[in-house]
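Reviewing the structure listed below.
The values are calculated or read from the model by the stated rules, or taken from the named source; none is laboratory data. These figures come from a predicted structure and were not determined experimentally. Backbone-built Cβ (ideal geometry, glycine too); neighbour counts: all protein chains shown.
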Amino acid sequence: MHKVIIIGSGCAGLTAAIYAARADLKPLVLDGYEPGGQLALTTMVENFPGFPEGILGPELIENTRKQAQRFGTEFRSGAVTSVDLSKRPFKIEAGKESYECEALIVAAGASARMLGIESEMHLLGHGVSTCATCDGYFFRDRDILVVGGGDTAMEEATFLTKFAKSVTILHRRNEFRATKIMLDRAHANEKIKFLTPYVIDEVHDVTKKSVELVTVRNVDTNEKKTIPTEGVFIAIGHDPNTKVFQGKLKMDDAGYLLTDHGSQTNVEGVFAAGDVQDHRYRQAVTAAGSGCMAAIDAEKFLTGLKA
């Protein structure tokens, strides 16, 4: 029996672990689908407070993990396969292991949708990015591509024009899902060009660990061509890691957990933090802040049980 179990080991989960451990709740962290979260897949992080020279994403995660361990956090690997939240103690299964807890913090994060080509994974953090706010600064005066056709793609492309020499929005259809105001804003920006209906077949050059060219294919004609570019931003959405909670916790149409009064879900004693419930900001610092909130809320909940 654990007082608190935290699902997820990104910024939200690890910050929740630090606060819960310092409150003597002896938390157990289950690493989840992506140990370390999105930061474990990035290179330099320059917008996290306290690091004037920046810090590597995996290093920031490892330091935060050690900090949580220092105060008594226990870690177990494995993704959660099922949960029973119908009564306390809550029951969680991860692989072959079963756990019970009085309070649960869900910080399982959200996974960026990818194109599904091998080269993008090899170059993620080396010219391929899923976050314009995080990485736009590194592409000053460069020609870059944004892949997507929704509001996120338009918003990221417009943001990137602050830094880039030019931004090309590449979309597989001639029509866009983006709202008219966002699409009009992108069309009005002299730095933004459009390329439709195209998809990316390959990002080059994996051997050099840098983005230099992309091979694109016309969806209608199958004609291929190569385009020089120094960065590829994939803006086709995120999927929150909430499948095991469907029908058990309230979520919106996109699958993000709904919270009230801070981090409280619709089940008393279950709290949510980070990208699993935040589809707007999705930053390391906001994830850390919500992890802190969830741990404090969990502590107050557990204190109330004793009263």
Legend entry - Matching residues in region 94-116 - criterion: being modelled with pLDDT under 95 and farther than 25 Å from G262 by Cβ: A94, G95, K96, E97, A112, R113, M114, L115, G116
Inset, instruction - Select from region 224-260 the residues that are free of Cβ contacts under 8 Å to residues at least 12 places away in the same chain and over 20 Å from the mean Cα position of the chain (by Cα) and list them in ascending order. - result: K225, G247, D260
Legend entry - Residue that is surrounded by the most Cβ atoms within 10 Å (Cβ to Cβ) [pool: residues in region 226-265 that are out of contact with any Ser or Thr (no Cβ under 9 Å at 6 or more places or on another chain) and assigned to a loop (DSSP other than H, G, I, E, B)]: T242
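One line per residue, one yes/no per condition, for (1) aliphatic (A, V, I, L, M); (2) at positive phi:
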{"site": "L249", "(1), (2)": "yes, no"}
{"site": "D253", "(1), (2)": "no, no"}
{"site": "L257", "(1), (2)": "yes, no"}
{"site": "H261", "(1), (2)": "no, yes"}
{"site": "G274", "(1), (2)": "no, yes"}
{"site": "H279", "(1), (2)": "no, no"}
{"site": "R282", "(1), (2)": "no, yes"}
Inset, instruction - Go through region 184-207 residue by residue and tally those that are within 21 Å of G125 (Cα to Cα) and either modelled with pLDDT of 95 or more or not aliphatic (A, V, I, L, M) (or both). - result: 8
Legend entry - Filter result for the condition that a residue is under 20 Å from T43 (Cα atoms), among the small types (G, A, S) and crowded, with 20+ Cβ neighbours inside 10 Å, over A132, A153: A132
Legend entry - Residue within region 97-107 that is among the aliphatic types (A, V, I, L, M), within 22 Å of the chain's Cα centre (by Cα), under 25 Å from A23 (Cα atoms) and assigned to a loop (DSSP other than H, G, I, E, B) present: yes
Inset, instruction - Check region 193-208 and report whether any residue there is under 19 Å from M114 (Cβ atoms), surrounded by fewer than 20 Cβ atoms within 10 Å (Cβ to Cβ), touching a helix residue (DSSP H, G or I) at 6+ places or on another chain (Cβ under 8 Å) and acidic (D, E). - result: yes
Inset, instruction - Could you tell me whether region 166-189 includes any residue that is basic (K, R), more than 27 Å from the chain's Cα centre (by Cα), surrounded by fewer than 18 Cβ atoms within 10 Å (Cβ to Cβ) and outside any strand (DSSP E or B)? - result: no
